[in-house]
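The values are calculated or read from the model by the stated rules, or taken from the named source; none is laboratory data. Since this is a predicted model, take the numbers as computed values, not measurements. As a convention, Cβ positions derive from the backbone with ideal geometry for all residues, glycine included, and neighbour counts pool all protein chains shown. Please note that ligands, DNA and RNA were not included when accessible areas were found on the heavy atoms of the full protein model with its side chains. Shrake-Rupley method; radii C 1.70, N 1.55, O 1.52, S 1.80 Å.
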Amino acid sequence: MIKIEGFKEKGKLNIKNRKFEIGDKILLEGVGLYPLNQGNLYSLWDEDILYLIKAEKIYLIKRGYKNSLERIRNNLRNRISNVYSVFEDYKEQFLLAIVMGERRGLSEDVKNLFVNTGTSHLLAISGLHLSFLINIFSALIPLRRILVRIVILPLLVFYGWIIGDNPPVWRVIGQYVFILLAFLLRREEDNLNAIFWVAFVNLVISPLKLFNVSFQLSYLAMLGLLYKPNFSKFLPAYLQEIWESSFWLMIFLAPLNIYYFGSLKPISIIANFFAIPIFSLVLFFSFLYLIGFSLPMGFIFEKILSKLIDILFESLQLIGEHYKISLLISVSLILLPVILRKREENELLGV
């Protein structure tokens, strides 16, 4: 991200090598400024980033000054990157995406694999990731429930700070803060109020976030999950939750998915049945490996994590390659609760 002298707005410049660092002053030769168009509006129009910049040559003028906090943050991110560097390239980039939200290194093949199966939400750090972390911390911290909730808060803020400006992450953290304050003040823990106020504060700080696709998808998804109708239970609780969430998110997010990405992915119903349980294990071992990579058990964690990623990718590839069968199964799962409900009504009527 480039701040242009004499302009309020910022621009995005792709640099192939890493000889430049945050805060450096550079000189661009043969510059072209390209206003964002509808095709990239949703991904870049945020934080006053209004231009794509192209330059024939780039010269370093002066090494910039980075404050100590920014330096610490960059060092932490680099250390995390180094920890995962032992994995194959595509696995390393996948782990950096789900742990730090760093998706720029993902290959087109990996992106398409998740997009085509309707599981691209797994690549974005969101409520699923942070809820998983909260559950891990809650299980590991031997304190009373309220004390655990208070202790977890700075850990979440610290993690969010390492990740950076990620709307879904700060939505979850903001919602967590709001609900915790309501609990401490003995007020009603209202998730709808929490979502509203977190969104309001975010937009006051940075109004252009309204045009960020992650912001839109994150808040609309949360509203959808809060107000989704309940079906009759026809699966074990965990699988039932995956089914209901996958189905209603497909419905609630359909307008945005059609507008931005031009398609819907009904096979996400069956894909999520396989992907979410495996992904939960991948996420668990990715953090476990991050903590214990230097321990004797680190080698075992590495092998387990690598194998789980293989299973996740191969499962999604299988679902994508057999699209018609996957679609048929997904449609059957969509219709199954309707059929079961009709059957229950007939049985009550003695039919």
Volume per residue that the Cα convex hull of region 255-328 spans, once the total is divided by residue count, Å³: 101 Å³
For I141, project a label point 7 Å along Cα to C-beta. Then give me every residue of region 154-176 with its amide nitrogen under 11 Å of that point. 154-157
Set the Förster distance to 51 Å, then compute FRET efficiency between L318 and I61 from the Cβ-Cβ distance, nearest 0.05. 0.45
With 0.36 nm assigned to each residue of separation and the Cα-Cα distance removed, I22 to S232 gains 70.3 nm
Per 5 Å bin, what percent of the C-alpha pairs of region 107-247 does each bin hold, from zero upward? 2, 8, 15, 18, 20, 18, 12, 5, 2, 0
Would you mind finding the longest exposed-site-free stretch of the chain, with exposed trypsin sites (Lys or Arg not before Pro) meaning DSSP loop and at most 12 other Cβ atoms within 10 Å? 234-351
Amide H contacts under 5 Å for K12, restricted to residues at least 5 apart in sequence or on another chain and with H modeled in the peptide plane, are I2, Y51, L52, I53
What share of Cα pairs, in percent, lie more than 40 angstrom apart in the chain? 19 percent
Antiparallel bridge percentage (DSSP; both residues within the chain; nearest 5): 75 percent
Divide the volume of the convex hull of the Cα atoms of region 54-119 by its number of residues and quote the answer in cubic angstrom per residue. 153 Å³
Choose one of L123, M100, L60: the residue whose Cα lies farthest towards the positive end of the charge dipole of region 54-192 (beta-carbon charges +1 Lys, Arg; -1 Asp, Glu; about the Cα centre). L60
Taking the Cα centre of region 199-351 as origin and charging only Cβ (+1 Lys, Arg; -1 Asp, Glu), how large is the dipole, in debye to the nearest 20? 200 debye
Build a GNM of the chain with springs between Cα atoms under 10 Å: which of I269, I58, I278 gets the top mean-square fluctuation? I58
Could you tell me the calculated FRET efficiency between F158 and N191, based on Cβ-Cβ distance and R0 = 35 angstrom, to the nearest 0.05? 0.90
Solvent-accessible area, 1.4 Å probe, carbon plus sulfur percent, for region 198-351: 72 percent
Taking the convex hull of the alpha-carbon atoms of region 236-295 and averaging its shadow over every direction gives an area in square nanometres of 5.7 nm²
Lys/Arg Cβ at +1, Asp/Glu Cβ at -1, dipole of region 161-233 taken about the Cα centre: which of G224, A199, I162 is farthest positive-ward? G224
What residue among Q240, M250, V151 has its Cα farthest toward the positive end of the dipole of the chain, where the charges are +1 on Lys, Arg and -1 on Asp, Glu, each on the Cβ? V151
Could you check how many percent of all C-alpha pairs in region 178-228 are farther apart than 17 Å? 42 percent
Degrees, to the nearest 10: 268-292 long Cα axis against longest axis of the chain: 50 degrees
Protection proxy ranking, peptides 224-231, 95-102, 83-90, average beta carbon neighbours within 10 Å, highest first: 95-102, 83-90, 224-231
Measuring with a 1.4 Å probe in the full set of protein chains, what accessible area per residue, in whole Å², belongs to the chain? 59 Å²
Given +1 on the Cβ of Lys and Arg, -1 on the Cβ of Asp and Glu, and no further charges, what dipole in debye does the chain carry about its Cα centre, rounded to the nearest 20? 820 debye
So which residue, out of N112, N14, N272, gets the largest mean-square fluctuation from a GNM of the chain using Cα contacts under 10 Å as springs? N14
Peptides 325-331, 201-207, 244-250 ordered by average Cβ neighbours within 10 Å, highest first: 244-250, 325-331, 201-207
Mean-square fluctuation check for the chain, GNM, Cα pairs under 10 Å: which of V31, V177, V282 is largest? V31
Net charge, V99 excluded, C-beta distance under 13 Å - Lys, Arg +1, Asp, Glu -1: +2
Length added when fully stretched, E88-A182, from 0.36 nm per residue minus Cα-Cα: 29.3 nm
